[in-house]
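The values are calculated or read from the model by the stated rules, or taken from the named source; none is laboratory data. Here the structure is a predicted model, which is why all the values come from computation and not from measurement. Neighbour counts are summed over all protein chains in view; Cβ atoms, including those assigned to glycine, are modelled from backbone coordinates with ideal geometry. Note: accessible area is taken over every heavy atom of the protein model, side chains too, but ligands, DNA and RNA are not part of it. Shrake-Rupley method; radii C 1.70, N 1.55, O 1.52, S 1.80 Å.
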Amino acid sequence: MRLSKYLVPTLREVPSEAEIPSHQLMLRAGLIRKLASGVYSYLPLGLKALKKIENIVRNAMDSHEAQELLMSAVLPKEYFTESGRWDVFGPEMFRLKDRAERDFCLGPTHEEIFTDTVKNTVKSYKQLPMTLYQIQTKYRDERRPRFGVIRSREFIMKDAYSFDKDAEGLDISYKNMYDAYKEAFDKMGLEYLIVDADSGAMGGSGSQEFMVKSEVGEDTIAYCTCGFCSNIEKAACAPQPIETADPIMDIEKIYTPNSRTIEELTEFLNTDAKSFAKTLLYNSDGKIVAVMVRGDREVNETKLANYLGSIELELASAEEVVDATGAAVGFAGPVGLKVDVLVDNEVAQMKNFVVGANETKYHFKNVNINKDFAPTVVGDFRNIEVGDICPECRNSKIQTCQGIEVGHIFKLGTKYTDALGCTYLDENGKEQTPIMGCYGIGVSRCLAAVIEQYSDESGIVWPVSVAPFHVIVVPVNSKNEEQARLAEKIYSELKAANIEVLIDDRNERAGVKFKDADLIGIPVRINVGKGAAEGKVEFILRKGLEATELSATDAIKAAVEYINENK
């Protein structure tokens, strides 16, 4: 391909909208262009890399006996009504009506549709197990699209669904997909962790995420030297033992002006945050509830939503807080509160702690659970944090890092097959319900994750397996006949060797060509300059950018060997 004819609108300046390296580089290198918030077009260079990732995923799935098909992206309401998810998805689901006023959505996921397909086509145990998959565009109306294609409203996903006769069969299918995912991510060159995760709206009993370590990742991973690894949304918190011989004291109201926050209270009362239990009010599908965690902890909203079965969960508004407590925000507490009070395990062990008094400018001290208030429930409602005791080994301390989720696998059980009446006939002619697994890979997200891990100050550094082109040939002066002739010869011989090659035949300064080559990150660059008369060229690997002078013949041979060894 000739760069003079190729649509690669590179940018010198970093777009102001781009917050993270992958987003900046995908825009600057001409891979994508923004259409609207969270909606992007893929330009030729970006599409080629995206197709490479698709094919890596496809090959891994096919090699593990999954069958590819393609479902519609426009889905009728009734399938989601049967499963109960038409309302569960809430405002993230793009909903629309046809001209006959029938309800549809743009598919956020396809469990119901695959289940219905199996229901209508698979009749006998002899047809199971079966794993079906597709690579297709999905749609979710994200409240806050950000980070380019990492959190967008339209994205490309590989979703697969396994159907088995029993739990033992599901275990085999799940392990099969687990291995396929490792194979795919290894081929992409990604460094990743496999973590326990929350199943969310997908449901099911078991769930693991494949997370790429990244400083800009939206997910926090908790891990331990014992091998424990979990998304903090899921990570259980082992209660920290509190040893104290202090006697239970009587509750006392104290005047705390200008002390709405924990920081202000600790300064005012000359103590630390561990002496406080903060009470936060949430609106769960229209119902106000209170959650208590220690003053230095944060509420885990995923755990809270799962316990409550919330479709929509958000912090109560200032007006709702005043209505529930009779006090301004910052003075809520459990004593006398007329809403459900959910208490974290850690708070349940505390003695003589400080809480809001449900009266502006006042708090209570020496508050004790079951003496001064009765909780609705005691449970795990907080985020695990660095330094906490590991919930698995109960010995070492937790560490955390940030990550980008690129894959997620679930054990769904019979949630969807039961809901949609999907059955098969067993060996005895009796109807049985197949058990399902669900397996997703964010294909477009993988593209961004690769760039996050493979880039430097000059641009993208593509691994060979996903690079849109393998070699770029750069005649330093395209008007020089000797340079142009040798560059064309190298270009032709690389194409004949089945190497995906780009030639920069533009009438541009050498510096512009070199900067663009580094920006778009093609793994091998061959510069054809003043040494062309003697058949000499510069051979440069994008990784490291070290230049070696070689003969044109040796450069072609080195390029072919390097590409074939690293595909």
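Hey, among K411, K361, which residue is open to solvent by 70 Å² or more (accessible area, probe 1.4 Å), farther than 19 Å from A290 by Cα and of a type in the set (K, R)?
On the way: K411 fails: open to solvent by 70 Å² or more (accessible area, probe 1.4 Å).
None of the others qualify; the one that does is K361.
Conditions tested, residue by residue: (1) in contact with a strand residue (DSSP E or B) (Cβ under 6 Å, 6 or more places away or on another chain); (2) farther than 25 Å from S41 by Cβ; (3) surrounded by fewer than 23 Cβ atoms within 10 Å (Cβ to Cβ).
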position: D456; (1), (2), (3): no, yes, yes
position: K489; (1), (2), (3): no, yes, yes
position: L494; (1), (2), (3): yes, yes, no
position: D505; (1), (2), (3): yes, yes, yes
position: L519; (1), (2), (3): yes, no, yes
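If the condition is being farther than 24 Å from I404 by Cβ, of a type in the set (A, V, I, L, M) and either part of a strand (DSSP E or B) or touching a Cys at 6+ places or on another chain (Cβ under 9 Å) (or both), then the stretch 210-256 contributes A238, I254. What residue, among those in the stretch 276-319 that are out of contact with any helix residue (DSSP H, G or I) (no Cβ under 8 Å at 6 or more places or on another chain) and of a type in the set (S, T, N, Q), is farthest from G333 (Cα to Cα)? Here the answer is N306. Scan (1) touching a strand residue (DSSP E or B) at 6+ places or on another chain (Cβ under 7 Å); (2) more than 19 Å from E209 (Cβ to Cβ); (3) open to solvent by less than 30 Å² (accessible area, probe 1.4 Å); (4) at pLDDT below 95 for the single condition A167 breaks and write down its number. Answer for A167: the failing condition is (3).
Tell me, yes or no, whether the stretch 152-159 has at least one residue that is open to solvent by 40 Å² or more (accessible area, probe 1.4 Å) and either modelled with pLDDT under 95 or touching a His at 6+ places or on another chain (Cβ under 9 Å) (or both). Spell out how you get there, then give the answer.
First, pick out the residues of the stretch 152-159 that are open to solvent by 40 Å² or more (accessible area, probe 1.4 Å): 153-154.
Add one more test, that the residue is either modelled with pLDDT under 95 or touching a His at 6+ places or on another chain (Cβ under 9 Å) (or both), and what stays is none.
Looking through the stretch 152-159, none of the residues is open to solvent by 40 Å² or more (accessible area, probe 1.4 Å) and either modelled with pLDDT under 95 or touching a His at 6+ places or on another chain (Cβ under 9 Å) (or both).
Residues are listed down the side, and each one gets a yes or a no for (1) open to solvent by less than 20 Å² (accessible area, probe 1.4 Å); (2) at pLDDT below 95:
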{"site": "R146", "(1), (2)": "no, yes"}
{"site": "F163", "(1), (2)": "yes, no"}
{"site": "Y174", "(1), (2)": "no, no"}
{"site": "M202", "(1), (2)": "no, yes"}
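D323 - would you say it is modelled with pLDDT of 95 or more and surrounded by 17 or more Cβ atoms within 10 Å (Cβ to Cβ)? Spell out the reasoning first.
Details: modelled with pLDDT of 95 or more: yes; surrounded by 17 or more Cβ atoms within 10 Å (Cβ to Cβ): no.
Spelling it out, it is not the case that D323 is modelled with pLDDT of 95 or more and surrounded by 17 or more Cβ atoms within 10 Å (Cβ to Cβ).
Scan the stretch 326-347 residue by residue and report those that are surrounded by fewer than 19 Cβ atoms within 10 Å (Cβ to Cβ) and part of a helix (DSSP H, G or I). Result: N345, single match. Being in contact (Cβ under 8 Å) with a residue 60 or more places away in the chain and assigned to a helix (DSSP H, G or I) is the filter here, so list the residues in the stretch 538-553 that pass it. Passing the criteria: only A552.
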